[in-house]
Ligand code: C2E
Ligand code: CA
Ligand code: CA
Ligand code: CA
């Protein structure tokens, strides 16, 4: 609710309306930024924990603002979702990720870049054109469908039959689906029965502190138990797992022992611009 304050200015005191106005303003900014080409993708490797070999890449969007510099997704994705601009922005992300992945494949061969994983918002999944957009982008960029892994959060997937139909169509095209931030949603287990996922990404919150091993730290024990159970469950269902947010070797070692073969995190490699990734593939740079 709003109130007329002194000087007749509108004041907000319960935090309900201000974000809407902020979103409306940022919505215009986002539209402009999209038209001006200010969004860039950074890429973070997904690696074999044992050897560090890169087996996949997640794309992460950034806004290169002309005056404010590099803006992280946490500062504009919520507004893009609220204003609906996530649909054209997400289409840009998908096209750019597929284009770049196809270029890496052409230059460095099928071993270089096994899978590219762009993030997809709930709002995009609900867009009736989503499946045909994906199909058109794959055709246009020449990326084989089985190289594409769409990263979806549990909450994005939860809602409704229509989404399930969309996901099944993508699956039938050969596109892979990864359940992002796994373990933070509300019905992870029931979701797995219906959802045609190929990959589970164990959320960073279960990786943080997982290396701690002092007796009497029940939190660390609980994280280990959950991480282990998720790995076992995934194995039983024939799904791959990726552990997210690995920041030290001790975490990587512990995750290996708990049944993980794939990981992602600053310890393995930070997100980087495409050119850095290209140098890495060209053998000019170590991760
Ligand atoms: P996410 O999909 O869970 O992506 C992982 C986030 O963790 C990324 O943050 C990544 O930079 C960060 N990260 C990776 N390894 C580590 C680590 O070892 N330690 C720590 N502290 N962080 C690590 P980023 O790039 O800021 O993205 C944040 C979120 O924004 C993403 O979380 C995703 O939900 C969303 N996002 C990013 N790009 C896109 C996009 O193109 N479309 C949509 N819809 N959402 C996106
Ligand atoms: Ca993700
Ligand atoms: Ca994640
Ligand atoms: Ca996340």
Problem set entry | Residues satisfying the stated conditions in the range 223-250, i.e. within 15 Å of ligand 3 (Cβ to nearest atom) and part of a loop (DSSP other than H, G, I, E, B) | 244, 245, 246, 247
Exercise. What about residue 180, is it touching a strand residue (DSSP E or B) at 6+ places or on another chain (Cβ under 7 Å) and closer than 24 Å to residue 267 by Cα?
Worked result: yes
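For every residue, the table says whether it meets (1) in a helix (DSSP H, G or I); (2) exposed (fewer than 15 other Cβ atoms within 10 Å of the Cβ); (3) modelled with pLDDT of 95 or more; (4) away from ligand 4 (no atom under 16 Å from the Cβ).
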residue: 47; (1), (2), (3), (4): no, no, yes, yes
residue: 59; (1), (2), (3), (4): no, no, yes, no
residue: 93; (1), (2), (3), (4): yes, no, yes, no
residue: 102; (1), (2), (3), (4): yes, no, yes, yes
residue: 110; (1), (2), (3), (4): no, yes, no, yes
Problem set entry | Scope the range 195-222; condition assigned to a helix (DSSP H, G or I) and modelled with pLDDT of 80 or more; matching residues | 204, 205, 206, 207, 221, 222
Exercise. Which one is modelled with the lowest pLDDT among residues in the range 168-187 that are within 16 Å of ligand 2 (Cβ to nearest atom) and either at positive phi or in a helix (DSSP H, G or I) (or both)?
Worked result: 183
For this session: Being in contact with a helix residue (DSSP H, G or I) (Cβ under 6 Å, 6 or more places away or on another chain) and in a loop (DSSP other than H, G, I, E, B) is the filter here, so list the residues in the range 112-121 that pass it.
Result: 112, 113, 115, 118, 121
Exercise. Across the range 235-250, which residue is farthest from ligand 4 (Cβ to nearest atom) among those that are more than 19 Å from residue 55 (Cα to Cα) and at pLDDT 95 or above?
Worked result: 250
Exercise. How many residues does the range 25-42 hold that are over 18 Å from residue 118 (Cα atoms) and either touching a residue at least 60 places away in the same chain (Cβ under 8 Å) or surrounded by 14 or more Cβ atoms within 10 Å (Cβ to Cβ) (or both)?
Worked result: 6
Problem set entry | Subset of the range 77-100 that is within 16 Å of residue 26 (Cα to Cα) and either more than 16 Å from ligand 2 (Cβ to nearest atom) or in contact (Cβ under 8 Å) with a residue 60 or more places away in the chain (or both) - its residue that is nearest to the chain's Cα centre (by Cα) | 87
Seminar exercise, completed: The residue that is nearest to residue 189 (Cα to Cα), considering only those in the range 122-158 that are within 16 Å of ligand 4 (Cβ to nearest atom) and assigned to a strand (DSSP E or B), is 153
Problem set entry | One residue from 138, 152, 164 being within 18 Å of the chain's Cα centre (by Cα) and in contact (Cβ under 8 Å) with a residue 12 or more places away in the chain | 152
For this session: Starting from the range 178-201, take each residue that is within 15 Å of residue 151 (Cβ to Cβ) and touching a residue at least 40 places away in the same chain (Cβ under 8 Å) and list its partners that are more than 13 Å from ligand 2 (Cβ to nearest atom) and in a strand (DSSP E or B), counting only C-beta distances under 6 angstrom and pairs at least six apart or across chains.
Result: 198/176; 199/240; 200/241
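The values are calculated or read from the model by the stated rules, or taken from the named source; none is laboratory data. All values derive from a computational prediction rather than experimental measurement. Neighbour counts are summed over all protein chains in view; Cβ atoms, including those assigned to glycine, are modelled from backbone coordinates with ideal geometry.
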